[in-house]
Each structure stands twice: as C-alpha cells, then as structure tokens.
Amino acid sequence: MRNQPTFAETRTEVRRYLEDPNAGIWTDAEVNRNINRAILRIAVDTEWELKTATFTGQTNQSWYYLPTDCLFPRVIIATSWSNEKFFPTDLVKMDKEQGAWEIDPSSIPSRFIPYSYDRFYIWPPVNANAGARTFTIEYVPVPLTVSSDSSVTLGAASTVPPLYISNLIAPKAAQLCWLRQSWKKAQEYAVIYKQLLQDAQVTIRNTSGAHTTKLRPAGKFEKAHGSTRFRL
C-alpha cells in the first residue's frame, strides 16, 4: 500500500514531470510556490475538505461574517427554516438566475443567502418574535501554506488528504511550472490533471454522496441538488 507522500516527495515528483531533477531550470522556491498554488486550486476544484461553524441569528440582523479561514461557503443549514439547506451565491449570479429580481420587486425570492468577500447576507432576517436561531455553515477552508519538507497534510487544515487528492498535486504544479517554459507541455499536464480530477470527483461522490460541482443560487435543497446524475 502506498504511503502518503511528504512535501519533499511531492516536489521530487514534480521535478520528474519537469525533467529537471537537479534544479537546473526551476529553483526549489519556484516549485514549492507552484505546489502551494496547485493545492489551492485543488481545494476549489474538489471541495474535498470541509469544516463547519455555527452562529446565532440576531433579531433583525442580516449581515454575518464568514469564518476567517473560509475559502468559500458551501451550504448553510437554517434551523429557523425547518433545517432547510441553502447554497450561498453572489448577488450577480442570483440576479441572473432569478430573472433580474433587483429591478422587479414582484420576483424577489422569499429566502436567499448571498455572500461577498468576508460576509454573507440572510433574508429575511430572524423575526423579533422568533427568539434565538442557530445556523450551521459548511465551508471549504483556505489551505495552509506548506513549507516543511516532512509535511504529509499538504495544506489541509484538519486532516491528511486521501491519496486520490494527493495524486492531483504534482501534475497541477507541473502544469503551472511549465507555463514559464512551454505552453505545449503546460497543456499536456492540464489534460492529465483534468482526467485525474474527474476520477477524484467521482470518488468523492461515491464515498460521501457529495457533488463537487458549484450549485446554483440559494434556495432550499431541491431534487436537482440531490440528483443521482453526476455533472462536471
């Protein structure tokens, strides 16, 4: 059984892809930087690591801060609305999805949770007569910058990534490195990464039931979100 690669072993694998084992073209600093960039891209593409945080809805308050380590929110479970699941999005996408609700008051949705930068917005706010309400936010955390050669967490905030995630790092980092030298080589590794990514997304779906696609604007959990059809 293959062991989890360390950061140093991942760098060696990247150098094999670059055909530069002795650092004649790319310095270790450059390769390390692109490995960390690859880890960030993989977090976005797979959403493999998730964290949760809870907060209390305040009476007549709509704006709330996201967790400080939040890369982007994935789902908010609103106990004040029968534990319905809402998928945060930004206002521009919501406007497009809802048919320009900003200029047509009659089309304003009754419940939505958009987000922007470091905060999100809940509408409608908690009613004054409802009492304290608890919300749970599930989010993708910002990967940690890796600098230790012995690290096996590879940027993960709370756990060691599975091998099907670790396997994505070297080809993505190689693609980013090759952008400096050869567009053709970069494209070759972009294709390799995409193929491995599809396999990882299928694995995530099969092991957790979660889809790694970005879901459409906020609304309660619908049949479309729970569809068994897997879409990349």
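The values are calculated or read from the model by the stated rules, or taken from the named source; none is laboratory data. If you're wondering where the values come from, they're calculated on a predicted model, not measured in any experiment. Here the Cβ positions follow ideal geometry from the backbone for every residue, glycine too, while neighbour counts run over all protein chains shown. These area figures cover heavy atoms from the full protein model, side chains too; ligands, DNA and RNA do not enter into them. Shrake-Rupley method; radii C 1.70, N 1.55, O 1.52, S 1.80 Å.
Name the residues in region 39-56 that are within 9 Å of the chain's Cα centre (by Cα) and among the β-branched types (Val, Ile, Thr), would you?
Ile42, Val44, Thr46
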Is there a residue in region 59-68 that is in contact with a Ser or Thr (Cβ under 9 Å, 6 or more places away or on another chain) and either open to solvent by less than 20 Å² (accessible area, probe 1.4 Å) or part of a strand (DSSP E or B) (or both)? no
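Results for (1) modelled with pLDDT of 95 or more; (2) at positive phi, shown as yes or no for each residue.
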site	(1), (2)
Gly131	no, yes
Glu138	no, no
Val160	no, no
Ser166	yes, no
Ile169	yes, no
Leu176	yes, no
Trp183	no, no
Tyr189	yes, no
Whether any residue in region 75-88 is in contact with a strand residue (DSSP E or B) (Cβ under 6 Å, 6 or more places away or on another chain), in a loop (DSSP other than H, G, I, E, B), at positive phi and surrounded by 14 or more Cβ atoms within 10 Å (Cβ to Cβ) is what I want to check. no
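Tally up the residues in region 12-23 that are open to solvent by less than 30 Å² (accessible area, probe 1.4 Å) and in a helix (DSSP H, G or I), please. Don't jump to the end; show me each part of the working.
Of region 12-23, the ones open to solvent by less than 30 Å² (accessible area, probe 1.4 Å) are 14-15, 18, 20.
Filter once more, keeping what is in a helix (DSSP H, G or I): 14-15, 18.
Counting residues in region 12-23 that are open to solvent by less than 30 Å² (accessible area, probe 1.4 Å) and in a helix (DSSP H, G or I) gives 3.
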Contacts under 7 angstrom Cβ, first residue in region 142-170 being touching a residue at least 60 places away in the same chain (Cβ under 8 Å), partner assigned to a helix (DSSP H, G or I) and charged (D, E, K, R), 6 or more apart: Ala170/Glu13
Has region 27-37 got any residue that is over 18 Å from Val152 (Cβ atoms), at pLDDT below 95 and aliphatic (A, V, I, L, M)? no
If you scan region 24-54, which residues turn out to be open to solvent by less than 40 Å² (accessible area, probe 1.4 Å), in contact with a Pro (Cβ under 9 Å, 6 or more places away or on another chain) and not charged (D, E, K, R)? Asn36, Ala38, Ile39, Ile42, Ala43, Ala53
